[in-house]
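A.B. asks: Sharing a structure with you now.
Just so you know, all these numbers are worked out from the coordinates, no wet-lab data involved. Bear in mind the structure is a predicted one, so any value in this text is a computation, not a measurement. Every residue, glycine as well, gets a Cβ built from its backbone with ideal geometry; the counts of neighbours run over all protein chains shown.
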Amino acid sequence: MKALKTAIFAATMMSGATAMAAEVSGNVAIGSDYFFRGIDQAGGEALSGGFDVGFENGFYVGTWASSVDFSGGLELDYYAGYGGSISEDVSYDVGYLYYGYPQGPKTEEFEEVYASISAGDATLGFAYSDDYYASTGHSTYVYFDYGVVLSEAFSLGFHFGTMTASDAANEADDYSISLSTEAAGLGFDLSWIDSSEKGGLFADNEFVLTVSKSL
């Protein structure tokens, strides 16, 4: 984690020295809940936000945080990656992501490597951890996303993901359908979320409304 923080700091300093070659963006959001791969993280309203620095060569670094109802109440993630294009319609993304919980025990924190390929409105991706949340062993998450533009104002997103893991308690499929629009400079996203597992923290026919603002 120290190495990743150092890389993010160095890249941010580099962005200041080569401002013409980098783009800084940010976002804030408030949602009626926060689900991660079909598992409830917040138990109710969640406030989140993040910053990204993207470079012309395809490299990017960033950080993202959200309120959660465990591990001291804060998730703070760091990531770095590279994105590029194979053709006009096909692109890819590879990177590293560290999930931090600075107010909780270090044993809950974990890291993943991820990759995805997109063709048109479809994306196929995966994430792999050699020691998943709370030191529960390796995990692999594979997902498929597809977006549909309904009109100038609305779009529809479909998601399916499946988790395999050393700890069977972490294994589940998750599904979602999201209707998105923009108004008054804000983004509005209404999602239906479900999972193959029922009970506990797993999504069971849930609806989540998220309002976001790009910075």
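A.B. asks: Counting other C-beta atoms within 10 Å, which of 138, 159 has the fewest, and how do the rest follow?
C.D. replies: By the 10 Å Cβ count, ascending: 138, 159.
A.B. asks: Follow-up. Using the Karplus curve 6.51 cos²θ - 1.76 cosθ + 1.60 with θ = phi - 60°, work out ³J(HN,Hα) for each residue of the stretch 165-172 in order, rounded to whole Hz, and write x for Gly and Pro.
C.D. replies: 7, 4, 8, 4, 5, 8, 8, 5
A.B. asks: Given an 8 Å cut-off on Cα distances and at least 6 residues of separation, report the relative contact order of the chain as a percent.
C.D. replies: This gives 15 percent for the chain.
A.B. asks: What list of ³J(HN,Hα) values in whole Hz, one per residue of the stretch 25-42 in order, does the Karplus curve 6.51 cos²θ - 1.76 cosθ + 1.60 (θ = phi - 60°) give from phi, with Gly and Pro shown as x?
C.D. replies: Each residue of the stretch 25-42 in turn: 9, x, 7, 9, 8, 10, x, 6, 6, 9, 10, 10, 6, x, 10, 5, 9, 10 Hz.
A.B. asks: Calculate, in nm to one decimal, what residue 188 and residue 65 gain on full extension: separation in residues at 0.36 nm each, minus their alpha carbon distance.
C.D. replies: Here the segment from residue 188 to residue 65 would lengthen by 42.4 nm.
A.B. asks: Further, regarding this structure: At 0.36 nm per residue, and after removing the present C-alpha to C-alpha distance, how many nm does the segment from residue 138 to residue 74 gain when stretched out fully?
C.D. replies: The span from residue 138 to residue 74 would gain 20.7 nm if fully extended.
A.B. asks: Give the order of 63, 164 when sorted by the count of other beta carbons within 10 angstrom, beginning with the fewest.
C.D. replies: In order of increasing Cβ crowding within 10 Å: 164, 63.
A.B. asks: Continuing with the same structure: Add -39500 (n - 2.57) for each DSSP H run of 4 or more in the chain, then divide by its residues: what number comes out at 222 nm, to the nearest 500 deg cm²/dmol?
C.D. replies: After summing the helix terms and dividing by residue count, I get -2500 deg cm²/dmol.
A.B. asks: Still on this structure: Just how large is the dipole of the chain about the Cα centre, in debye to the nearest 20, putting +1 at every Lys and Arg Cβ and -1 at every Asp and Glu Cβ?
C.D. replies: Working: 6 positive and 31 negative charges, 128 e Å.
Here the chain has a charge dipole of around 620 debye.
A.B. asks: In whole angstrom, how far apart do the alpha carbon centroids of the stretch 79-127 and the stretch 165-194 sit?
C.D. replies: If we compute the Cα centre of each part, the gap is 17 Å.
A.B. asks: What percent of all Cα-Cα pairs in the chain falls into each 10 Å bin, going from 0 up to the bin containing the maximum distance?
C.D. replies: With 10 Å bins starting at 0, P(r) equals 8, 28, 42, 20, 3, 0.
A.B. asks: With a point put 7 Å past each Cα toward its Cβ, work out how far residue 85 is from residue 107 in nm, to one decimal.
C.D. replies: 4.9 nm
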